[in-house]
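Chemist: Before we start, here is the structure in question, set down as structure tokens.
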Amino acid sequence: MDDAFGSEIDYAMLVKLYGEPTGKKEERRYSSGECCGTIKGTVCGNPDERHISTSYVERQNLTMRMGMRRFTRLTNGFSKKVENLAFAVPLHNFGRVHKTLRVTPAMEAAISDHVWTLEEIAQLSD
């Protein structure tokens, strides 16, 4: 965190505690255990306790998995090489407008000020 943002960031961690899943043995194979508690902790800075949540990152992960099949195992689009994955991520973050935000993820994060064209993204590989 310090290398990327220095001391100018408020960063916290939420750890979910899971217990044994309930239900039939067949149903438990692919389901996670039941969440029986959480632990919130500050990593650096002074984060607002009300905003310590996994909802934002879980939603972003789902959006990326659904929008880019490279993140989903057991599909023929899965990236076996990290280089291929590295070339695919900018397409999602810089070139695809998020339906709810109405801007790209990079624009929402104030990294970019416009929707990038494929030509602009391809120039990143040079």
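All of the numbers you see were taken from the coordinates with simple rules; none came from a lab. What you see is a predicted model; the values in this text were computed from it and never measured. Positions of Cβ are generated from backbone atoms using ideal geometry, with glycine treated the same way; all protein chains shown enter the neighbour counts.
Chemist: Filter the stretch 42-73 for residues that are exposed (fewer than 10 other Cβ atoms within 10 Å of the Cβ) and basic (Lys, Arg); which is farthest from residue 91 (Cα to Cα)?
Modeler: 50
Chemist: Being in a loop (DSSP other than H, G, I, E, B) and either in contact (Cβ under 8 Å) with a residue 40 or more places away in the chain or at positive phi (or both) is the filter here, so list the residues in the stretch 92-112 that pass it.
Modeler: Hits for the stretch 92-112 are 102, 110.
Chemist: Would you mind finding the one in 115, 89 that is assigned to a loop (DSSP other than H, G, I, E, B) and surrounded by 13 or more Cβ atoms within 10 Å (Cβ to Cβ)?
Modeler: Every option except 115 fails the conditions.
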